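Only the coordinates and a few stated rules stand behind these numbers; no lab work does. Values in this document were obtained by computation on a predicted structure and should not be read as measured data. Using ideal geometry, Cβ is built from the backbone for each residue, glycine included, and neighbour counts are taken over all protein chains shown.
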Amino acid sequence: MKIGTIILCRYSSSRLPGKILRDIGGKTPLQYLYEKFSRHTAKDELLVATSTDPSDDIIEEFCATHDYNCFRGSLNNVSQRFLDAAQSKNFDYAIRINGDALFLDMPTYLEMIELCKVGDYDFVSNVKGRSFPFGMSVEIVKTDFYQALQEKIQPNPRYVEHVTLYLYEHPTAGKQYHHLNTACPELSGLQIALDEAQDLALAKRVMAKLKEDYYHCDLKQFHQVIETIRSEYRLEGKEWPFHKIV
């Protein structure tokens, strides 16, 4: 069974252009993520998936400089790009990671891979109910199953743009498992995704606290760091709120 990790990113993000290659403590988010996954993932099972739009040439060049695997596909048809990237490496399962998921929790990622191996699921996700923070999403889909869904996904622009939305709106589609955060529920719904300028400023604060612990800290350690940051800083009038979904 070949389980591959795909980092989806583009340079032309509207709210924070170029965020995937912004400097945070001497490295870019793409570097941090690729290095984090490469500690647990074989080189042939880790892939950056960007678009063929000229604006993303800089991402391909960055990957080439750092010897990262890079795939280029449709800019707007993200579902097709994700599927084509998975098939280009013959992944039996493809793990979708967004490029703004800088602080993704590795213990959760590894737990979910094990769930796939033993449960024969078509879709494993930690998104439903938002018991994990926004920006720590891990979604694993069986490639053949996802390919078969394309006849339902492709006619709908919402499903094309939001890669796994069809599965959340159709919970009986395939064999699904939704993983919940029981390790540190205090983090439920926290907005930690790298989405706008204020998030970038706050991410730099967190990274300065974590340093090398970034690569292996768990949810509880991350929560301790967050509480320190929340008590010490207010940047540009923004705090990191908890948005618990009821």
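Based on Cβ point charges of +1 for Lys and Arg and -1 for Asp and Glu, what charge dipole magnitude is obtained for region 20-75 about its Cα centre, in debye rounded to the nearest 20? List each step's numbers first, then the result.
On the way: 6 positive and 10 negative charges, 60 e Å.
Around 280 debye, computed over region 20-75.
Rounded, prolate or oblate: pick one for region 1-129, where a ≥ b ≥ c are the square roots of the eigenvalues of its C-alpha gyration tensor, a/c under 1.5 means rounded, and failing that, prolate if a/b is larger than b/c, else oblate.
prolate
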Quick test of your reading: applying the under-4.7 Å Cβ rule, which cysteines of the chain are isolated?
Cys9, Cys116, Cys184, Cys217
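When a/c reaches 1.5 or more, the comparison of a/b and b/c decides; with that in mind, is region 184-224 rounded, prolate or oblate per its Cα gyration tensor? Intermediate values should be presented prior to the final figure.
Working: a/c = 2.47, a/b = 1.14, b/c = 2.16.
Taking the square roots of the gyration eigenvalues as a ≥ b ≥ c, region 184-224 is oblate.
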Magnitude of the Cβ-charge dipole of the chain, K/R +1 and D/E -1, about the Cα centre, nearest 20 debye?
380 debye
Ignoring trypsin sites (Lys or Arg not before Pro) buried by more than 15 other Cβ within 10 Å or outside DSSP loops, the longest site-free run in the chain is 40-174
Most positive-pole-ward Cα, Ala203, Pro17, Met1, against dipole of the chain from beta carbon charges
Ala203
Of the cross-linked pairs Lys36/Lys89; Lys19/Lys211; Lys89/Lys220; Lys27/Lys209; Lys117/Lys209; Lys19/Lys128, which ones have a Cα-Cα span greater than 23 Å in the structure shown?
Lys89/Lys220; Lys117/Lys209; Lys19/Lys128
Using +1 at the C-beta of Lys and Arg and -1 at the C-beta of Asp and Glu, which of Thr108, Gln191, Tyr93 has the Cα lying farthest in the positive direction of the dipole of region 3-232?
Gln191
Dimensionless Rg ratio for region 3-232, taking C-alpha atoms and the 2.2 N^0.38 Å reference:
0.97
Semi-axes of the equivalent ellipsoid for region 122-178, Cα gyration tensor, largest first, Å
19, 13, 9
For region 3-232, the charge dipole (Cβ of Lys, Arg +1; Cβ of Asp, Glu -1; about the Cα centre) points to a positive end, and the Cα of Gln147, Ala42, Gly135 closest to that extreme belongs to Gly135
